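Here's the structure, in structure tokens; my notes come after.
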Amino acid sequence: LVMIEQGTDAWKALRCGKATASKMADLTARTKTGWGASRANYAAQLVAERLTCTVAESFTNAAMQWGTEKEPEARAAYEFYRNCDVEQVPFVDHPRIAMSGASPDGLIGSVGLVEIKCPQTATHIETILAGNAVDTKYVKQIQWQLACTGRQWCDFASYDCRMPENLRLHIVRVERDPRMIADLESMVAEFLSEVSATVEALKARAA
């Protein structure tokens, strides 16, 4: 496995045109009448990426920049608290569904993962007060990571260094959910077939 750092151009190239875990909430978004707009927008993004072989520029604000900068600190805190080593990986392709995969924040031992969030303080406090409940969009992201890696559980870790030391790190273990994974796999396969069909239709138009 080539060690490519997440967020770099080489990492983006690995993900170009592929359905990834961080977008599972968008990909599966539904309204009362059908699929949500975020699904169509994500499909269009992947179509453009495949046609141009260039990854779409992603929006970054100060809060997202903070999260990226604090992740190594959060990972170290997690390793200390759990007394384990986090093995970093750039990207894991889904074993059966081509053009899809995940970039977990780290592998733990032989069966675990960690997903690290360094949110704004208000969100971190909400996360602590929610106890063992994890936001649905993150559950989908995590289950897709488990689907791609074949692992059994993922620790959802929220970290905020602005809080008192005993409240900086909040960890919830999310177990593999075979039923949700099966649902996600079927939705991802359908989504990707639509993306491929659109790419082919546009290529035919351009020919």
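The values are calculated or read from the model by the stated rules, or taken from the named source; none is laboratory data. If you're wondering where the values come from, they're calculated on a predicted model, not measured in any experiment. Cβ atoms come from the backbone with ideal geometry, glycine included; neighbour counts cover every protein chain shown. Remember, those area values only see protein heavy atoms, side chains included, never the ligands or the DNA or RNA. Shrake-Rupley method; radii C 1.70, N 1.55, O 1.52, S 1.80 Å.
Could you order 165, 175 so the one with the most accessible surface comes first? Probe is 1.4 Å.
Final ranking, largest accessible area leading: 165, 175.
Assuming 0.36 nm per residue, please report the length gained on full extension of the stretch residue 153 to residue 135 beyond their Cα-Cα distance.
4.9 nm
Based on DSSP H runs of at least 4 residues, each adding -39500 (n - 2.57), what is the mean residue ellipticity at 222 nm of the chain after dividing by all its residues, to the nearest 500 deg cm²/dmol?
-15500 deg cm²/dmol
Going by amide H atoms built from the backbone, whose H comes under 5 Å of the H on residue 117, apart from near neighbours?
157, 158, 159
At 10 °C and 1.306 mPa s, what whole-number value in µm²/s does Stokes-Einstein give for the translational diffusion of region 155-207, with Rh from the Kirkwood sum over Cα pairs?
The estimated diffusion coefficient comes to 105 µm²/s.
Sort 52, 198, 149 from largest to smallest accessible area, using a 1.4 Å probe on the heavy atoms of the protein chains.
Sorted descending by solvent-accessible area, the residues read 52, 198, 149.
Give me the percent of the accessible area of the chain that comes from carbon and sulfur atoms, probe 1.4 Å, all protein chains in place.
53 percent
Kindly list the residues of region 32-49 that lie in the label zone of residue 202, defined by a backbone N under 15 Å from the point 7 Å along the Cα-to-C-beta vector.
Under cut-off, by backbone N: 40-49.
Compute the label zone of residue 5 within region 56-75: residues whose backbone N is under 17 Å from the point 7 Å along Cα-to-Cβ.
Only 65-75 pass the distance filter.
Using 11 Å as the cut-off for backbone N distance, which residues of region 108-135 belong to the label zone defined by a point 7 Å from the Cα of residue 166 along Cα→Cβ?
none
Using a 1.4 angstrom probe, figure out how much accessible area the chain has per residue, in square angstrom, rounded to the nearest whole.
I get 55 Å² per residue for the chain.
At a probe radius of 1.4 Å, what is the per-residue accessible area of residue 42, in Å² to the nearest 10?
Spelled out: residue 42, probe radius 1.4 Å, area about 10 Å².
7 Å from Cα along Cα→Cβ at both residue 51 and residue 193: what's the point-to-point distance in nm?
About 2.3 nm, to one decimal.
Percent antiparallel among DSSP beta bridges with both residues in the chain, to the nearest 5?
Of all bridge pairs located within the chain, approximately 65 percent are antiparallel.
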